[in-house]
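Colleague: Structure below; questions to follow.
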2 protein chains.
Amino acid sequence: MTTANNGSRALDEKSLVEYIKSTPSLYSVVGESDNLEIKEVGDGNLNFVYIVTSPSGALVVKQALPYVRSIGESWPMSKDRSYFEARTLKEHGRLCPPHVPEVYHFDHSMSLIGMRYLAPPHIILRKGLIGRVKYPLLAEHMAEYMSRTLFYTSLLYITTTDHKRAVAEFCGNVELCRLTEQVVFSDPYKVSQYNRWTSPYLDHDAKLLREDNVLKLEVAQLKSMFCEKAQALIHGDLHTSSQMVTQDSTQVIDSEFSFYGPMGYDIGAFLGNLVLAFFAQDGHAVEGDDREDYKKWILRTIEETWNLFHKKLIALWNANQDGPGDAYLPQIYNNPDVWNLVQTNYMRDLFHDSLGFGSAKMIRRIVGVAHVEDFESIMDASKRADCERKVLNCAKMLMKERRKFVSIDEVISAILHIDH
Amino acid sequence: MTTANNGSRALDEKSLVEYIKSTPSLYSVVGESDNLEIKEVGDGNLNFVYIVTSPSGALVVKQALPYVRSIGESWPMSKDRSYFEARTLKEHGRLCPPHVPEVYHFDHSMSLIGMRYLAPPHIILRKGLIGRVKYPLLAEHMAEYMSRTLFYTSLLYITTTDHKRAVAEFCGNVELCRLTEQVVFSDPYKVSQYNRWTSPYLDHDAKLLREDNVLKLEVAQLKSMFCEKAQALIHGDLHTSSQMVTQDSTQVIDSEFSFYGPMGYDIGAFLGNLVLAFFAQDGHAVEGDDREDYKKWILRTIEETWNLFHKKLIALWNANQDGPGDAYLPQIYNNPDVWNLVQTNYMRDLFHDSLGFGSAKMIRRIVGVAHVEDFESIMDASKRADCERKVLNCAKMLMKERRKFVSIDEVISAILHIDH
């Protein structure tokens, strides 16, 4: 066991076993067995993740140390992120139990979360998308997760008293917000030591991004919304590596970036990463498998996710018309016409926000610091650059023109147009 | 001395003298005199205000009790509002010392502020506007106050770390925010026991408001912005009774509604109350004084306030281009074209927000719970109603059409069109 800075103990396999044995809420999950196996599996950028198994059970232990794992102690990062991850796992889990793994235990001083082990065949969704696995329930599940977590934490459902209390608490997660501000909304649009792209193929494309004044204007608006608009308790990092999936299960993990922000940031993150998966498919196509059918499935999933989300959010809103929410009092919004008007308006704005944020998430994965396996696994750099260029062109168009789109069908058509 | 609920002591004149004598930061202001005179002058809705004078000095003591003064203990109200008032007086005073009175002393447990006495000829601006007094420096002073307080507390100047810390703190002022939500954004648009208007003259107008679906849609958007958009530390109640003025002094007081909200709420409050003053003038006109010249002065002041605010905000922004502000990094916004583009866009949005919020503030003063002396002092109810109807028509038009206005001149023209 080593002592990291500011008092936290970084666990190793031996000390983790001791920790579990002395923690009843964890030890009971593995049947109080003397025979514990530990496997470190963290493949994200930030944290350490252990799978703990015994003959009679398994669990996951996730520990945050006060720096960015993938960089080391030279990039300090508040380990309080663990508190916010546990807080949101529990809150989102309460609101949508089928799609959020259970938290057994949280230890603030250790920045340690003990949670449900998502057994095989659960895999990270991104890996499934690269392996052209279809998930028939993915759109339904993600629409359910997003609609419930966003609705029930917004002023559509809660009072302004509860809202301000929660906003204040999550202001504490500022370091993770600042990381997003930098890597999503800033670095891709300026010269930065952290940026990289498929060079030399995309050198000119990256330069064009840094010189696109109209795009920078849109990015400024999106960044302001990210920093200022406390609309709901968002996951904050809802790309396709934040879901573990099987054919009938979708589990959302890794909520350490959560805070009160714009709903469209979550929706855009998920849809934008599906668009990334779409444009990566050509890079994975081989003789006898052109992936055209799979590409159609991805587009259908994008379409269904938004349409189901729309339907579910409206249904929750209607069902809770007389609920505690302070935003739309029934005594004011008291006839079908005005009710329809405000809902249409709300969903249109949310749609445009989602397209904007989704585009920002796409761009940063092509020219920013953190790339995604969808493209990194395309070995032929020239072929990869062709795919990535389509992402940039699609994202730039969507970000600039997003207010002109009135339905997700039109977005799909635009994506297809860029693909051909 | 009486003991109010939750432990605060409501001061009376005798106990206030004792309090001042035992508080060096106050006692020194009145020259440690044994000869203190106390006068209770609070004419607002919320608090008790005392002027304390001695042969060698004077000061003001303001105390918040845990209820709304004008209603009584039946309408409880957190006395923590006093903390936020003192906090913002000090912060805005630091940012704009010429226009915010000095705070000598704050006692959290007593919810008591000791502050600079604004000696005659200082009067409440609203009274000056009713008495058709011109204030040649008013536009300049208010533009200075608003530009400095809003700029220096926004992400144009501060880091997201400082921003989130301040946002979290001011979330604590939720009770006062909720009061605004109710009386500005809700009650006027529904049947409410608190609403009143010049009846029967405006009965139909009030009914039309409650049935105006398009207006309600706009109000919903403004309310969401008020609740969710943490843009700057706003005063939160910047109508024309929140300034004490002379020919060369403008002092902003009464910041108990302050929190991190949309800048346009402050700008709109001030401009909207000037529009109220404008439409009230006909009700004050008498034989030999048609007030036409004074009405022109009010319109000129509206125009100058916005134009000077615009100029000053841009100047502060340009001067602090390389400052700590996280919103527009100079490495991204790195050429004159893009710099001009984002500033034009920012000011256009702020202009539209200000028109929207200003309209909401106008409407609530005609049909809501709290009216203003500009109209209340017009004794002829029919004449008063004629003035008030113009306010409603002006505000409804501005709120619905605000995005079409590109300059304050156009707003002035529209106001004149409704006036004739």
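Only the coordinates and a few stated rules stand behind these numbers; no lab work does. The structure displayed is predicted, hence computed values, not measured ones. All Cβ positions, even for glycine, are placed from backbone atoms using ideal geometry, and neighbour counts span all protein chains on display.
Colleague: Over all alpha-carbon pairs of the stretch B:50-124, lay out the pair-distance distribution in 10 Å bins, whole %, shortest bin first.
Modeller: 18, 42, 33, 6, 0
Colleague: Let me ask something else about it. Taking the label point 7 Å from Cα in the Cβ direction, how far apart in nm is residue A:24 from each other copy of itself, listed shortest first?
Modeller: Ordered by distance, the counterparts are at 5.6 nm.
Colleague: In addition: For each of A:344, B:180, A:149, count neighbouring Cβ atoms within 10 Å of the residue's Cβ, then give the residues from fewest to most.
Modeller: A:344, B:180, A:149
Colleague: Take the Cα radius of gyration of the stretch B:172-270 and divide it by 2.2 N^0.38 Å, with N its residue count; two decimals is plenty.
Modeller: Ratio of Rg to 2.2 N^0.38 Å for the stretch B:172-270: 1.23.
Colleague: Taking H placed 1.01 Å from N in the peptide plane, check which residues at least 5 places from residue B:259 or on another chain put their amide H under 5 Å from its amide H.
Modeller: Those qualifying (amide H under 5 Å, at least 5 residues apart or on another chain) are B:234.
Colleague: A further question on this structure: Give me D for the protein assembly as shown in µm² s⁻¹, whole number, from Stokes-Einstein with Rh from the Kirkwood sum over alpha-carbon pairs, 37 °C and 0.692 mPa s.
Modeller: 112
Colleague: Obtain the radius of gyration and the Kirkwood radius of the stretch A:123-419 from its C-alpha atoms and give Rg over Rh.
Modeller: 0.97
Colleague: Here's a follow-up. Put a point 7 Å out from Cα along the line to Cβ at residue A:247; what are the distances to that point in the other copies, in nm, shortest first?
Modeller: Spelled out, the distances from residue A:247's label point are 8.9 nm.
Colleague: Quick check: convex hull of the Cα atoms in the stretch B:1-116, volume per residue, rounded to a whole Å³?
Modeller: In the stretch B:1-116, the Cα hull volume divided by residue count equals 100 Å³.
Colleague: Okay, helix-only estimate at 222 nm for chain A: each DSSP H run of n ≥ 4 adds -39500 (n - 2.57), divide by all residues, round to 500 deg cm²/dmol; what do you get?
Modeller: Result for chain A, helices only: -16000 deg cm²/dmol.
Colleague: Once you average over the residues of A:254-264, how many Cβ atoms of partner chains fall within 10 Å of each Cβ?
Modeller: Going residue by residue through A:254-264 and averaging, the value is 1.
Colleague: Still on this model: Residue of B with Cβ nearest the axis relating B to A, plus distance in whole Å?
Modeller: B:168, 2
Colleague: What nm distances, shortest first, do you get from the label point of residue B:213 to those in the other copies when the point sits 7 angstrom along Cα to Cβ?
Modeller: 4.2
Colleague: Then there's this: Take A:138, B:308 and order them by how many other Cβ atoms sit within 10 Å, fewest up front.
Modeller: By the 10 Å Cβ count, ascending, the order reads B:308, A:138.
Colleague: How would B:346, A:145 line up from fewest to most surrounding beta-carbon atoms within 10 angstrom?
Modeller: B:346, A:145
Colleague: Report the FRET efficiency, 1/(1 + (r/R0)^6), for residue A:409 and residue B:420, where r is their Cβ-Cβ distance and R0 is 41 Å, rounded to 0.05.
Modeller: Rounded to the nearest 0.05, the efficiency is 0.25.
Colleague: Relative contact order of chain B: what whole-number percent is it, with Cα pairs under 8 angstrom and at least 6 residues apart?
Modeller: 17
Colleague: Per residue of A:175-188, count partner chain C-beta atoms within 10 Å of its C-beta, then hand back the mean as an integer.
Modeller: Per residue, the average neighbour count from other chains is 2.
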